Amino acid sequence: MSVVQSYSGQIYSVLCAIIWAFAVILFKKSGEIVHPIALNLFKNFVAIILFYLTIVILGQSLLQPVPIKVYLIFVVSGVLGLAIADTLFFMCLNNIGAGRFAIVACLHSPFIITLSVMFLKETMMVLQIIGVVFIVIAVLLTMRIKNSEHISRRKLLLGILWGVLSIAINAIGVVMIKPHLNRAPLLWAIEFRLLAGFVSLLIITVFLPIRSRIFSSIKNLRGLGYSLSGTFLGTYLSLLLWLAGMKYTQASIASALNQTSSVFVFIFAALILKEKISLLRVFAILLAITGIFLVFLG
């Protein structure tokens, strides 16, 4: 077995981190125009088409010989991760910006590891606990970062809350399907979760009082380019690489490597979105990445 094959899960996870980071910037630009729910519906719908075409080209089937229980687990996971968590993610991104989100997103690894220890019988070492503490401190520091973007205190706290809830709910959706990924075709797993997320969110949106405003925001051509490119990179390529990483290595290792996306988001936010880099912000991201490194070491 070659080195590439031996570490395929880790390689997929790192590639996912880089691609996802750039997609976050595209989603931030799109979110300035498109409603968060509309953006989530749009990216899920486009991704469903992309993955379906991939499945057809590879000669696979949407119907797999797995127990009904497994289907239900993937449905619940899709509703949690791709309907609820992703909508909260867009709300967070709109409120606090990509730079702050890069710090908050570091909580993904602690959530995944804690749930993996609780439900998947993976172990948590002392170094990992110290790393989690570092990450939590870094997130708390985001509330102290100088408000150069003129974000109100309420908007900042709400944005951080949306981000934390998004990451926690997404982590639950990931850990609950981890035991079944080794027995389920990867593309089927992705497509089925997307279908569950899209259909559930569409049903919810139809009953919302502001549904007309939500649907009309999708038609805005100024945000279409960002939405399409963000969807291709962030929902198609990165989701494929993300689940592949989860499938071919431990959930805790994959999540730790995925978290390096925070560094790339931080850099892209400064270079592309021109978000201000302060010493406290640099310290917070370094503290969070150190925490991730300790989690990975553990």
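The values are calculated or read from the model by the stated rules, or taken from the named source; none is laboratory data. Everything numeric in this text was worked out from a predicted model, so none of it was measured. Don't worry about glycine lacking a Cβ; one is built from the backbone with ideal geometry, like all the others, and counts go over all protein chains shown.
Values as computed for the structure displayed
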read-out	value
Residue within the stretch 238-246 that is buried (at least 18 other Cβ atoms within 10 Å of the Cβ), among the polar types (S, T, N, Q), in contact (Cβ under 8 Å) with a residue 60 or more places away in the chain and within 30 Å of Met124 (Cβ to Cβ) present	yes
Test: Leu140 is of a type outside the set (Gly, Ala, Ser), touching a helix residue (DSSP H, G or I) at 6+ places or on another chain (Cβ under 8 Å) and assigned to a helix (DSSP H, G or I)	no
Residue that is modelled with the highest pLDDT [pool: residues in the stretch 1-41 that are among the β-branched types (Val, Ile, Thr) and under 13 Å from Thr260 (Cα atoms)]	Ile19
Selected residue (only one of Ile272, Ile214, Ile204 is modelled with pLDDT of 85 or more, more than 14 Å from the chain's Cα centre (by Cα) and under 18 Å from Gly78 (Cβ atoms))	Ile204
Residue check for Arg144: modelled with pLDDT under 90, farther than 16 Å from Ala244 by Cα and surrounded by fewer than 17 Cβ atoms within 10 Å (Cβ to Cβ)	yes
Condition check for Leu287: closer than 17 Å to Leu140 by Cα, crowded, with 16+ Cβ neighbours inside 10 Å and either aromatic (Phe, Trp, Tyr) or over 20 Å from the mean Cα position of the chain (by Cα) (or both)	yes
Subset of the stretch 85-134 (residues that are β-branched (Val, Ile, Thr) and either outside any helix (DSSP H, G or I) or buried (at least 22 other Cβ atoms within 10 Å of the Cβ) (or both))	Thr87, Ile96, Ile103, Val104, Ile112, Ile113, Thr123, Val132
Residue match in the stretch 181-198 (condition: assigned to a helix (DSSP H, G or I), touching a Ser or Thr at 6+ places or on another chain (Cβ under 7 Å) and closer than 15 Å to Pro36 by Cα)	no
Cross-chain or 6+ apart pairs with Cβ under 9 Å, the stretch 275-291 first and in contact (Cβ under 8 Å) with a residue 40 or more places away in the chain, then of a type in the set (Gly, Ala, Ser) and not in a helix (DSSP H, G or I)	Glu275/Ser148; Lys276/Ser148; Ser278/Ser148
Positions within the stretch 45-84 being assigned to a helix (DSSP H, G or I) and either over 29 Å from Ser30 (Cβ atoms) or more than 22 Å from the chain's Cα centre (by Cα) (or both), in sequence order	Leu53, Ile55, Val56, Ile57, Ile68, Lys69, Val70, Tyr71, Leu72, Ile73
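This table checks each residue for (1) within 24 Å of Trp188 (Cα to Cα); (2) at pLDDT 90 or above.
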site: Phe45; (1), (2): yes, yes
site: Gln64; (1), (2): yes, no
site: Ile73; (1), (2): yes, yes
site: Cys92; (1), (2): no, yes
site: Leu107; (1), (2): no, no
site: Val136; (1), (2): no, no
